[in-house]
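Comments concern the structure below.
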Amino acid sequence: SAEVQNLAASGAVKSELLTAWAAAKGIPVSAVAGSPPGSIYYAYVPATGTYWALADYEPASSDSLNVQVGFQDGGSGGLFKKSGSGPWQVTFEGAPTICDQLRFFPQAVLIAWDLPTTATPASIC
């Protein structure tokens, strides 16, 4: 089927996402406490052979103030894309996060994840 497949992210996928996100952010994986429950989305689009993911992370309590501040104002989120078996490409969310999500993900992926496909009010983007 060419439709979007909404997938459960395995532990291996979650680890790949975290590793790619931390590397792109320039922080060690140990600086991340984890992800809030329900904050990781994962999908596959067979028609394009593309995997998509959305994840949010929390700083470790032992992080420096500088690292903790880097998680604020959308800095805790990652938008991910992977073609076939290639590496994850990471884009960081800004504020408001919905604007970046609407620009980054295909609408069909957002629908599969039951996430907003428009910004309210539209003027925020």
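The values are calculated or read from the model by the stated rules, or taken from the named source; none is laboratory data. Remember, it's a predicted structure, so these values are computed and weren't measured experimentally. As a convention, Cβ positions derive from the backbone with ideal geometry for all residues, glycine included, and neighbour counts pool all protein chains shown. Ligands, DNA and RNA are excluded from the accessible area calculation, which covers all protein heavy atoms including side chains. Shrake-Rupley method; radii C 1.70, N 1.55, O 1.52, S 1.80 Å.
Numbers at a glance
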quantity	calculated
Rounded to 10°, Cα long-axis angle of helix 11-25 versus longest principal axis of the chain	60 degrees
HN-Hα J in Hz across region 51-56 - Karplus 6.51, -1.76, 1.60, θ = phi - 60°, x for Gly and Pro	9, 10, 8, 9, 9, 10
Calculated [θ] (222 nm, deg cm²/dmol) that DSSP helices of n ≥ 4 give over the chain, each run adding -39,500 (n - 2.57)	-7500 deg cm²/dmol
Fluctuation leader among Thr91, Thr19, Thr48 - the chain, Gaussian network, Cα springs under 10 angstrom	Thr48
Sulfur and carbon atoms: percent of accessible area, the chain [1.4 Å]	53 percent
Phi-based couplings in Hz for region 60-75 (Karplus 6.51, -1.76, 1.60; Gly and Pro marked x)	6, 5, 8, 5, 5, 4, 4, 5, 4, 4, x, 8, 7, 6, x, x
Under 13 Å, Cβ to Cβ, from Thr97 - net charge with Lys/Arg +1 and Asp/Glu -1	-3
Charge dipole (debye, nearest 20) of the chain; +1 at Cβ of Lys and Arg, -1 at Cβ of Asp and Glu	260 debye
